[in-house]
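The structure appears right after this line, and notes come after that.
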Amino acid sequence: MTTTNSPVNCLPDLTMDAAEFLERYDRGQTQFCEVNLAGITLTNADLIGVDLRGASLQGVYFEFCHFGRADLSYALMTGARFEGCNFTQAVLSKSHFRDAICHGCVFDRANLQGADLTLAAFLDCNFLSSDLRQVNLSHTVLAGACLRGANFRKENYQEPANLVGVDFRHADLQGTNLASANLARTNLAGANLKEANLNGVNLSQADLTNANLQGAILSHALLCEANLTGANLRQARLAKVDLRGGHLTEADLSQAILSEARLDEVQGEGANLREAVLNKADLRRANFKGADLQEARLIDAYLARTNLQGVNLRQANLIRADISSALLLDACLEEALMPDGSVYT
Amino acid sequence: MTSIASTYHQAAQRIASHPQSERLRKLLFALHYHQWPSHAPEMNTAQLEEMLGAIVQHSQTPKGLATQLTGIVSTLNKAQVYQKVAAALLQIVAPLYPQASSVAVAKPALSMAELYNLRLELTRYCTPLQVKLLLAALLTHKPVHAQGLERFTLIDLLQRVVGRFSDSEALRARVQQALQQFNNDGVYANVGDRLLKLLQRFPSDAAVEVTMETTPPTVDPAAGDDDDELTCQLFA
């Protein structure tokens, strides 16, 4: 087979139908490298440990098949459909899943290094502790996928993972290390990113509506025009984050650290910023109408023309903050420490 | 106007003039048509009265209505906002039932973080598709096919099951019933057993009590009434 660049050469281009393949496997044959199984259908087949390196599985339909510890490296699975299949600890490095659909499959601890997942859909698939280094995820759908412990980091530390535009809706990325990854324009609506390492990531224009980012590390992250409406950012670390033009409406940022954050023109109506740290943050022209900033720290913050109408700033620390042009109509400043050091009464 | 007609007219007027009228009408639409509307349906008072009549007739008791509302609210991504709206709706509709008394709209039983942990635990010894098939079978009596479930994530289905079966005994009975569809396959029996056990670990859901005598719950009218709620394709 010439398309897969397989390093092995077992049964090159030998075409088999499903019956012959299963019969040979049942007789004890496990080596099927480079075999052509294109278009076959298999249901409930137990293919543990099968060697399908460089095999052609284009357009196959496999349902509830078990490929645990199988070797499918360099396999061609373009346009294939896998329903409820199990690939636990399988080797899928350099495999081709272009346009394939995997629904409710398991890829736990699988090696997918360098695989091509372009335009493929992995709906509700599990990738627990799988190796996803150098995977091509261009226009890939990972909606509902569980990716806890998955490794996206490339060997070359200078080249961050490219996940631009990936659909991670309702995906579980709790605790995942995605530091420096490019996640621009990704759909992370409702995703679980609790305690994820997102240090220095590019999340520009990403949809993080109702995402769970509790305790996540987002320091130095680029979140320009990102939508964080209704997101849970409790105790998240957002120091030096760039959120210009972003949306934080009804987001929960209580006890979050936003020191030196760029929040220019952010829409943050009704956001919860109780006990948040906003020292030296830039909130110029931002809209935090009706937000809760009780006990927030805004030392040296820049609030030029910031809309703070109806905001709760009770016991907030505003020392040296520039609030001279902020809109403070109906704001509660009771016991707040004002820019000149006086306590508001 | 008879007293019953007058009561319906008053309820319709309260909905029409409510600060959260659009959201109330969305909930009414979902109750009546079992489908979440993308926009608040335009309805005049007479149409509202007609829809209220159908809803009261269908749900039969305020408790039945509360259960239905809980099920709908739990499917929405703005569940917390709509919980208050649902409580307000219940407050308005409850007097239309002859035996109206104390009723409640339950809070979403599990947080999103808990749902993700539940998903992880459920898929530990089977494939996510097997879990989805069983969950879907709990939500509908119609045959379920894997491809038909592609538009729902496992989290969507879990939210709906948790919202619909607040009573563990009702869930247990439904699981037993659903397993027959799978010819009592051991894999699905294990999923059902695990679901029941895992749900017992989580605290029982608290409820917002709404009684006839209390002040209507406050609903924040400023909470951006956009149409980005998760489209609620309720199972039949």
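The values are calculated or read from the model by the stated rules, or taken from the named source; none is laboratory data. For clarity, every value in this text was computed on a predicted model and none was experimentally measured. Backbone-built Cβ (ideal geometry, glycine too); neighbour counts: all protein chains shown.
The set of residues in segment A:25-60 being assigned to a strand (DSSP E or B) and surrounded by 17 or more Cβ atoms within 10 Å (Cβ to Cβ) consists of A:36, A:42, A:51, A:56. Kindly establish whether residue A:132 is surrounded by fewer than 20 Cβ atoms within 10 Å (Cβ to Cβ), of a type in the set (A, V, I, L, M, F, W, C) and either away from every other protein chain (no Cβ under 14 Å) or closer than 25 Å to residue A:24 by Cα (or both). The answer is no for residue A:132. Set side by side, the residues A:267, A:315, A:255 differ, and just one is surrounded by fewer than 21 Cβ atoms within 10 Å (Cβ to Cβ), at pLDDT 95 or above and over 21 Å from residue A:213 (Cβ atoms), which is A:315. Scan segment A:284-296 and give yes if some residue there is aromatic (Phe, Trp, Tyr) and assigned to a loop (DSSP other than H, G, I, E, B), otherwise no. So far as segment A:284-296 goes, yes, one or more of its residues are aromatic (Phe, Trp, Tyr) and assigned to a loop (DSSP other than H, G, I, E, B). Entry remark, segment A:240-266: residues being within 21 Å of residue A:290 (Cβ to Cβ), among the charged types (D, E, K, R) and over 21 Å from the mean Cα position of the chain (by Cα) number 3 in total. For residue A:96, indicate whether it is buried (at least 22 other Cβ atoms within 10 Å of the Cβ), touching a Ser or Thr at 6+ places or on another chain (Cβ under 9 Å) and closer than 21 Å to residue A:236 by Cβ. Against the criterion (buried (at least 22 other Cβ atoms within 10 Å of the Cβ), touching a Ser or Thr at 6+ places or on another chain (Cβ under 9 Å) and closer than 21 Å to residue A:236 by Cβ), residue A:96 does not qualify. Restricting to segment A:68-78, name every residue that is of a type in the set (A, V, I, L, M), assigned to a loop (DSSP other than H, G, I, E, B) and more than 21 Å from residue B:123 (Cβ to Cβ). A:72, A:75, A:77, listed by residue number. Could you check segment B:110-132 and list, in sequence order, the residues that are of a type in the set (A, V, I, L, M) and either under 22 Å from residue B:78 (Cβ atoms) or surrounded by fewer than 24 Cβ atoms within 10 Å (Cβ to Cβ) (or both)? Once the filter is applied, which keeps residues that are of a type in the set (A, V, I, L, M) and either under 22 Å from residue B:78 (Cβ atoms) or surrounded by fewer than 24 Cβ atoms within 10 Å (Cβ to Cβ) (or both), segment B:110-132 yields B:110, B:112, B:113, B:115, B:118, B:120, B:122. Under the condition of being out of contact with any Phe, Trp or Tyr (no Cβ under 9 Å at 6 or more places or on another chain), at the interface with chain B (Cβ under 10 Å from one of its Cβ atoms) and over 22 Å from residue A:265 (Cα atoms), the residues counted in segment A:196-236 number 1. Taking every residue in segment B:33-46 that is free of Cβ contacts under 8 Å to residues at least 40 places away in the same chain and pairing it with any residue that is surrounded by 16 or more Cβ atoms within 10 Å (Cβ to Cβ) and assigned to a loop (DSSP other than H, G, I, E, B), at least 6 positions away or on another chain, yields no pair with a Cβ-Cβ distance below 7 Å.
When segment A:79-108 is examined, which residues are found to be within 14 Å of chain B (Cβ to nearest Cβ) and part of a loop (DSSP other than H, G, I, E, B)? Answer for segment A:79-108, where residues must be within 14 Å of chain B (Cβ to nearest Cβ) and part of a loop (DSSP other than H, G, I, E, B): A:84, A:85, A:87, A:88, A:90, A:100, A:104, A:105, A:107, A:108. Within this structure, residue B:119 fails the test of being part of a loop (DSSP other than H, G, I, E, B), modelled with pLDDT of 90 or more and either under 17 Å from residue B:64 (Cα atoms) or within 14 Å of another protein chain (Cβ to nearest Cβ) (or both).
Within segment A:109-125, the set of residues being of a type outside the set (Gly, Ala, Ser), within 14 Å of chain B (Cβ to nearest Cβ) and part of a strand (DSSP E or B) comprises A:122, A:123. Applying the criterion of at least 1 residues that are closer than 18 Å to residue B:160 by Cβ and among the aromatic types (Phe, Trp, Tyr) to the helices (runs of 4 or more DSSP H) found wholly in segment B:1-91 leaves B:21-33. Within segment A:313-327, not a single residue is within 13 Å of another protein chain (Cβ to nearest Cβ) and of a type outside the set (Gly, Ala, Ser).
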